[in-house]
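What follows is one structure encoded as C-alpha cells, with my remarks underneath.
The values are calculated or read from the model by the stated rules, or taken from the named source; none is laboratory data. What you see is a predicted model, and the numbers here were worked out from it, not measured in a lab. FYI the Cβ positions are ideal-geometry reconstructions off the backbone, even for glycines, and counts take in every protein chain you see.
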Amino acid sequence: MTDGSMRLRGKLEIMATNMFHADVEKAGTDEKGNKVTTVRCHGRIVSDTGGALKGLVKPLIGEGGRIVLDLGDVSQLDSSGLGALVALKATAVNHGYCILEFEHLTPRILELVKITNLTAMFAK
C-alpha cells in the first residue's frame, strides 16, 4: 500500500463515521407501564441514511411501548430525513399500540419543523 492509498482510506473512514449511527437502549417501563426504548441518533439523517433509521426503528414499533428518538446529536437533517421521521411517526400512530416521541431537537431541526408546519407532530 502506498502513502497515497492510506491517506484516501483514512478519508473514507472519516466520511463513513460522520454519516449516521444510533444507539438503542431498553430502559424498563415508564409511569404508565409502557416499555421504554430510547434511540440516540448521531450524525446525519439525510437521503442516504434515512432508510437505516427506518430499518432500525420499524421493528421496535412492532414491539409496542414507548420509543424516544433522541435527536440531540444529529448534525444534519434534510427533507428526506424529515420524511423518514414523519413516516416513522405515522407508522407508530397507525399501529396504535406504540408511542413515538422526539426529544432534544437541535435549533436547526426545530427551525425545519416550524418551517414545514410539523410542530404538532414533533411535540410530546
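Return the pair list, or none, for Cβ contacts closer than 7 Å from residues in region 62-73 that are under 15 Å from K89 (Cβ atoms) to residues that are assigned to a strand (DSSP E or B) and of a type in the set (F, W, Y), at least 6 apart or on different chains.
L69/F102; L71/F102
Among the residues of region 30-45, which ones are out of contact with any Leu (no Cβ under 7 Å at 6 or more places or on another chain) and closer than 18 Å to S80 by Cβ?
Restricting attention to region 30-45, the residues satisfying the condition of being out of contact with any Leu (no Cβ under 7 Å at 6 or more places or on another chain) are 30-36, 38, 40, 42-44.
Answer for region 30-45, where residues must be out of contact with any Leu (no Cβ under 7 Å at 6 or more places or on another chain) and closer than 18 Å to S80 by Cβ: H42, G43, R44.
Looking at I99, is it over 23 Å from M19 (Cβ atoms) and of a type in the set (A, V, I, L, M)?
Yes: the conditions hold for I99.
A quick yes/no check of all residues on (1) β-branched (V, I, T); (2) under 18 Å from F122 (Cα atoms); (3) surrounded by fewer than 16 Cβ atoms within 10 Å (Cβ to Cβ):
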| site | (1), (2), (3) |
| --- | --- |
| S47 | no, no, yes |
| L53 | no, yes, no |
| L56 | no, no, no |
| V68 | yes, yes, no |
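Among the residues of region 21-37, is there at least one that is out of contact with any Asp or Glu (no Cβ under 7 Å at 6 or more places or on another chain), modelled with pLDDT of 95 or more and small (G, A, S)?
Checked region 21-37: no residue is out of contact with any Asp or Glu (no Cβ under 7 Å at 6 or more places or on another chain), modelled with pLDDT of 95 or more and small (G, A, S).
(1) touching a residue at least 12 places away in the same chain (Cβ under 8 Å); (2) exposed (fewer than 15 other Cβ atoms within 10 Å of the Cβ): which one isn't true of T119, the others all being true?
(1)
Provide a single number: the residues in region 88-107 that are under 15 Å from the mean Cα position of the chain (by Cα) and either assigned to a loop (DSSP other than H, G, I, E, B) or over 14 Å from I67 (Cβ atoms) (or both).
Matching residues across region 88-107 total 3.
Would you be able to say whether some residue in region 7-16 is exposed (fewer than 14 other Cβ atoms within 10 Å of the Cβ), at pLDDT below 90, in a strand (DSSP E or B) and not β-branched (V, I, T)? Even if it seems obvious, please write down each step before you answer.
Of the residues in region 7-16, the ones exposed (fewer than 14 other Cβ atoms within 10 Å of the Cβ) are 7-16.
From what's left, at pLDDT below 90: 7-16.
After this cut, where a residue has to be in a strand (DSSP E or B) as well, the list is none.
So far as region 7-16 goes, no, none of its residues is exposed (fewer than 14 other Cβ atoms within 10 Å of the Cβ), at pLDDT below 90, in a strand (DSSP E or B) and not β-branched (V, I, T).
Starting from region 78-99, keep only residues that are closer than 19 Å to T38 by Cβ, then list their pairs with residues that are basic (K, R) whose Cβ atoms are within a distance under 7 Å, requiring at least 6 positions of separation or different chains.
Qualifying pairs under 7 Å: A84/K54; L88/K54; T91/K58; I99/R66.
Given (1) within 11 Å of C41 (Cβ to Cβ); (2) not in a helix (DSSP H, G or I), identify the lone condition not met by I67.
That leaves (1) as the condition not met.
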